[in-house]
There are 2 protein chains.
Amino acid sequence: MNASPIGIFDSGIGGLTVARALYDRLPHESTVYFGDTARVPYGPKSPETVRRYSIEILDWLVGQGVKAVVVACNTSTAHALEALQAHSSVPVIGVIEPGARAAAAASAGGAIGVIGTAGTIASNAYARAIQRARPGAQVEQWACPLFVPLVEEGWFEHAAAELIAREYLEPLRRARIDTLVLGCTHYPLLKPLLQRVLGTEVRLIDSGEETAGAVARALEADSLSASGGAAATHRFAVSDDEARFRQVGARFIGDRLGRAEVVSLG
Amino acid sequence: MNASPIGIFDSGIGGLTVARALYDRLPHESTVYFGDTARVPYGPKSPETVRRYSIEILDWLVGQGVKAVVVACNTSTAHALEALQAHSSVPVIGVIEPGARAAAAASAGGAIGVIGTAGTIASNAYARAIQRARPGAQVEQWACPLFVPLVEEGWFEHAAAELIAREYLEPLRRARIDTLVLGCTHYPLLKPLLQRVLGTEVRLIDSGEETAGAVARALEADSLSASGGAAATHRFAVSDDEARFRQVGARFIGDRLGRAEVVSLG
C-alpha cells in the first residue's frame with residue numbers, strides 16, 4: 001500500500017481527460033496534475049525541445065513525491081517516453097502504447113484509423129505501435145488540427161464541428177476502418193459527434209481510458225496501489241495563465257478541477 | 001537614403017500578412033522577418049513573458065542591422081510596445097495604433113467592432129486606442145479563437161468557416177457596427193468571407209495594411225527610406241519548425257517566402 005499521489009502531465013489542458021479516466025478507474029488514488037500552459041503546444045516543437053521540457057516536468061513531479069508518472073500528452077509520449085523512463089526513479093506510463101494495443105485487439109478486420117494533431121500523426125508513433133501489436137494491420141492516419149480549438153471553445157455539437165468532422169473523417173470512412181484511435185487527449189469530448197459521423201459499427205478507442213487501465217495494472221504489479229479506504233486528493237499546477245486553465249479545464253472535468261498553483265520551470 | 005532592411009517580427013506565421021502589406025506598399029525596402037515558432041502562441045502567455053521574448057527578438061533584429069522594427073503581432077504590441085520603444089535604438093511600430101486610428105476615421109456612426117484572439121481582446125488594447133482616437137466611439141469586441149486554425153488549414157471558404165464566422169460575428173451584427181477591425185494578423189485571409197457575412201456596408205480595416213502606411217510615414221519622417229532604384233531582398237528566420245513555416249507561410253505570401261534560417265533565442 002502506497003498513499004503517494006500519481007503524477008500526470010500534459011503540455012496544457014487536454015491531459016485532464018486522462019486524469020478523469022484515472023479518477024474513474026482508480027478512485028482511491030491521489031494525483032498531482034501539471035499542465036505546461038506557458039509552453040503549450042508541444043506539437044510544433046522539435047523532439048529535443050519536447051524531451052527537455054518533459055524531463056523538467058518529470059523532475060518537478062518526482063520532487064512532489066509521486067509514485068508513478070503518466071505522460072498524458074501524445075507529443076511528449078511520442079518524443080520523450082524512452083528518455084523519461086531512462087531518467088526516472090518511478091514508473092512512467094505513456095498514452096500511445098495502451099491506445100495502440102487496445103485498437104489492435106479490438107479491430108475485427110485489422111483496418112485501424114488514427115486521428116491526432118499534426119505533430120502526433122507526423123511522428124508515426126501510433127502506426128508503429130499498432131503494427132508491433134498486430135503485424136499486418138492496415139493503419140490510416142489523419143491529422144485534425146481544428147478539433148483542439150473546437151473542444152476548447154466547447155463546440156462539441158456545433159453544426160460547424162459536424163462539417164469539420166465529416167471532412168476530416170472522410171478518408172478514414174473510405175478506407176473502411178472498423179476501429180478509430182482518438183490519438184489526442186482533447187478528442188474524447190467529441191466522442192458522441194465522431195460516433196455519429198462514423199456510424200455505430202466503428203469502435204472508438206479512447207487512449208486516456210486505456211492508459212488508466214495500464215496505470216492500474218502497473219501499480220498493482222509494483223505493489224504501489226493506495227489502500228481501498230484512502231480519500232483521494234487532486235492537486236493541479238500550471239506554468240502560466242491559471243484563469244484560462246480553470247475556465248477551459250472545467251469543460252473537461254467539471255468541479256473536480258480546483259485552483260491550480262502556478263509553477264515556473266526551466 | 002538608407003538601404004538597411006526593416007525588421008518584422010511575430011510570434012509565428014501570421015505576421016507574414018503584415019510583411020505582404022509592406023512589400024506592396026514599399027517595394028524598394030528590404031526586410032528581415034522573424035517568426036518565434038518555438039514559442040508560439042503568445043496569447044496565453046503572461047505580459048512579462050511576452051515582453052521578455054519580444055525584447056530578445058528586437059535585440060536579434062537590431063543585431064542584423066535593421067533600420068526600424070515592425071511588431072507584426074497583436075499580443076506583443078499590446079503587452080510590449082512601450083518597453084520595446086524604450087529599449088530600442090531604432091523606431092518601433094506596432095500594429096494596434098494604425099488599425100485603431102484607421103477605424104476611428106473610417107466609421108460613419110462610431111460603432112466599431114474589433115475581432116482578435118482571446119489574448120488580444122482580453123488586453124483591451126484596441127478598444128483603448130480607438131477611444132483615444134475617437135472619444136465616444138462604441139466599441140464591440142469579440143474573440144474568435146477558431147479563425148487562426150481555420151486560416152492555417154487553408155479553409156478560407158469552407159462551409160464550416162462560414163458557419164463559424166456567422167456565429168462569431170452575430171453579436172457585432174446585432175450591435176450594428178459599421179466598421180470592423182481585423183485585430184489578428186491571420187484574419188486578412190478571411191476578408192472575402194467576413195465581408196460576405198457582414199455585408200458590403202461594413203468597412204473592414206486590415207491592421208497590417210494600415211501599419212504598412214504608418215511605416216512608410218515613419219521612414220520618410222526620419223529620412224530612412226531606401227532609394228527608388230533599390231532591389232529589395234527578403235530574409236526569413238524562425239526559432240523552430242522551418243518546414244511547417246514554409247508550408248503554411250506559402251498560403252500567406254506565396255513564392256515570395258524563401259527558405260528560413262533557424263535561430264535559437266533566449
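The values are calculated or read from the model by the stated rules, or taken from the named source; none is laboratory data. Just so it is clear, the model here is predicted, and its values are computed rather than measured. Cβ: placed from backbone, ideal geometry, glycine included. Neighbour counts: every protein chain shown. Note: areas computed on protein heavy atoms with side chains; ligands, DNA, RNA excluded. Shrake-Rupley method; radii C 1.70, N 1.55, O 1.52, S 1.80 Å.
Could you tell me which of the residues A:218, A:230 is open to solvent by 20 Å² or more (accessible area, probe 1.4 Å) and assigned to a loop (DSSP other than H, G, I, E, B)?
Working: A:218 fails: assigned to a loop (DSSP other than H, G, I, E, B).
When all the criteria are applied, what remains is A:230.
Let me confirm something: among A:204, A:190, which residue is under 19 Å from the mean Cα position of the chain (by Cα), surrounded by 13 or more Cβ atoms within 10 Å (Cβ to Cβ) and in a helix (DSSP H, G or I)?
Numbers: A:204 fails: in a helix (DSSP H, G or I).
Result: A:190 is the single residue among A:204, A:190 that is under 19 Å from the mean Cα position of the chain (by Cα), surrounded by 13 or more Cβ atoms within 10 Å (Cβ to Cβ) and in a helix (DSSP H, G or I).
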Quiz item: Can you find even one residue in the range B:14-25 that is under 22 Å from residue B:151 (Cβ atoms), hydroxyl-bearing (Ser, Thr, Tyr) and buried (at least 24 other Cβ atoms within 10 Å of the Cβ)?
Solution: yes
Quiz item: Yes or no: residue B:264 assigned to a loop (DSSP other than H, G, I, E, B), within 14 Å of chain A (Cβ to nearest Cβ) and open to solvent by 80 Å² or more (accessible area, probe 1.4 Å)?
Solution: yes
Quiz item: If residue A:104 passes every condition in (1) crowded, with 17+ Cβ neighbours inside 10 Å; (2) among the small types (Gly, Ala, Ser); (3) within 22 Å of residue A:43 (Cβ to Cβ) but one, which one does it miss?
Solution: (3)
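So which of A:197, A:238, A:248 ends up being farther than 23 Å from residue A:96 by Cβ, in contact with an Asp or Glu (Cβ under 8 Å, 6 or more places away or on another chain), surrounded by 14 or more Cβ atoms within 10 Å (Cβ to Cβ) and free of Cβ contacts under 8 Å to residues at least 40 places away in the same chain? Break it down stepwise before answering.
Numbers: A:238 fails: free of Cβ contacts under 8 Å to residues at least 40 places away in the same chain; A:248 fails: free of Cβ contacts under 8 Å to residues at least 40 places away in the same chain.
Only one candidate passes the filter, namely A:197.
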Quiz item: Inside the range B:6-61, can you point out the residues that are among the polar types (S, T, N, Q), more than 15 Å from residue B:88 (Cβ to Cβ) and away from chain A (no Cβ under 14 Å)?
Solution: B:17, B:30, B:31
Quiz item: Is there any pair linking a residue in the range B:115-144 that is closer than 23 Å to residue B:191 by Cα and at pLDDT 95 or above to one that is among the acidic types (Asp, Glu) and surrounded by fewer than 22 Cβ atoms within 10 Å (Cβ to Cβ), with Cβ under 6 Å and at least six apart or on different chains, and which?
Solution: B:129/B:97
Quiz item: Take the residues of the range A:117-146 that are out of contact with any helix residue (DSSP H, G or I) (no Cβ under 6 Å at 6 or more places or on another chain) and open to solvent by less than 50 Å² (accessible area, probe 1.4 Å): which is nearest to the other protein chains (Cβ to nearest Cβ)?
Solution: A:117
Quiz item: From the residues in the range B:170-187 that are surrounded by fewer than 24 Cβ atoms within 10 Å (Cβ to Cβ) and more than 20 Å from the chain's Cα centre (by Cα), which one is nearest to the other protein chains (Cβ to nearest Cβ)?
Solution: B:170
Quiz prompt | In the range A:109-145, the residues that are assigned to a loop (DSSP other than H, G, I, E, B), among the small types (Gly, Ala, Ser) and over 16 Å from residue A:172 (Cα atoms) | solution = A:136
Self-check item: Criterion: in a strand (DSSP E or B), farther than 27 Å from residue B:139 by Cβ and either in contact (Cβ under 8 Å) with a residue 40 or more places away in the chain or of a type in the set (A, V, I, L, M) (or both) - qualifying residue of B:33, B:23
Solution: B:33
Exercise. Among the candidates B:43, B:35, single out the residue that is of a type outside the set (A, V, I, L, M, F, W, C) and at pLDDT 95 or above.
Key: B:35
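Does residue B:150 qualify as being open to solvent by less than 30 Å² (accessible area, probe 1.4 Å) and within 14 Å of chain A (Cβ to nearest Cβ)?
Numbers: open to solvent by less than 30 Å² (accessible area, probe 1.4 Å): yes; within 14 Å of chain A (Cβ to nearest Cβ): yes.
Here the answer is yes, as residue B:150 does meet what is asked.
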Quiz item: So residue A:224 fits all but one of (1) part of a loop (DSSP other than H, G, I, E, B); (2) open to solvent by less than 40 Å² (accessible area, probe 1.4 Å); (3) without any contact (Cβ under 8 Å) to a residue 60 or more places away in the chain; what number is the exception?
Solution: (3)
Exercise. Check off (1) on the phi < 0 side of the Ramachandran plot; (2) buried (at least 20 other Cβ atoms within 10 Å of the Cβ); (3) within 14 Å of chain A (Cβ to nearest Cβ) for residue B:166 and give me the number that stays unchecked.
Key: (2)
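Quick check on the range B:209-234: of everything there that is of a type outside the set (A, V, I, L, M) and touching a Pro at 6+ places or on another chain (Cβ under 7 Å), which residue is nearest to residue A:42 (Cα to Cα)? Talk me through it step by step, then tell me what you get.
To start, the set of residues in the range B:209-234 that are of a type outside the set (A, V, I, L, M) comprises B:209-211, B:213, B:217, B:220, B:222-223, B:225, B:227-229, B:233-234.
Still in the running and touching a Pro at 6+ places or on another chain (Cβ under 7 Å): B:210-211, B:213, B:222.
Details: B:210: 33, B:211: 31, B:213: 36, B:222: 42 Å.
Per the stated criteria, the residue is B:211.
Considering each of A:139, A:90, A:114, A:62 in turn, give the residue that is within 24 Å of residue A:20 (Cα to Cα) and not assigned by TED's automatic domain parsing to the domain that holds residue A:49.
Working: A:139 fails: within 24 Å of residue A:20 (Cα to Cα); A:90 fails: not assigned by TED's automatic domain parsing to the domain that holds residue A:49; A:62 fails: not assigned by TED's automatic domain parsing to the domain that holds residue A:49.
Step by step, each of A:139, A:90, A:114, A:62 is checked, and only A:114 is within 24 Å of residue A:20 (Cα to Cα) and not assigned by TED's automatic domain parsing to the domain that holds residue A:49.
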Practice problem: Sort out which residues of the range B:233-245 are within 14 Å of chain A (Cβ to nearest Cβ) and not in a helix (DSSP H, G or I), and write them in order of number. | Solution: B:238, B:239, B:240, B:241
Quiz prompt | Residue satisfying all of: in the range A:53-83; surrounded by fewer than 20 Cβ atoms within 10 Å (Cβ to Cβ) and without any contact (Cβ under 8 Å) to a residue 40 or more places away in the chain; farthest from residue A:222 (Cα to Cα) among these | solution = A:55
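Being over 15 Å from the mean Cα position of the chain (by Cα) and part of a loop (DSSP other than H, G, I, E, B) is the filter; apply it to the range B:36-60 and report the residue that is farthest from residue B:251 (Cα to Cα). Explain how you work it out, then say what you get.
Taking the range B:36-60 and keeping what is over 15 Å from the mean Cα position of the chain (by Cα), we get B:37-39, B:44-53, B:55-60.
Filter again for part of a loop (DSSP other than H, G, I, E, B), leaving B:37-39, B:44-46.
Working: B:37: 16, B:38: 20, B:39: 21, B:44: 25, B:45: 26, B:46: 30 Å.
Taking the candidates together, the pick is B:46.
Quick one: would you say residue B:172 is in a helix (DSSP H, G or I) and in contact with a strand residue (DSSP E or B) (Cβ under 8 Å, 6 or more places away or on another chain)? Write out each step before concluding.
Values: in a helix (DSSP H, G or I): yes; in contact with a strand residue (DSSP E or B) (Cβ under 8 Å, 6 or more places away or on another chain): yes.
When the stated conditions are applied, residue B:172 passes them.
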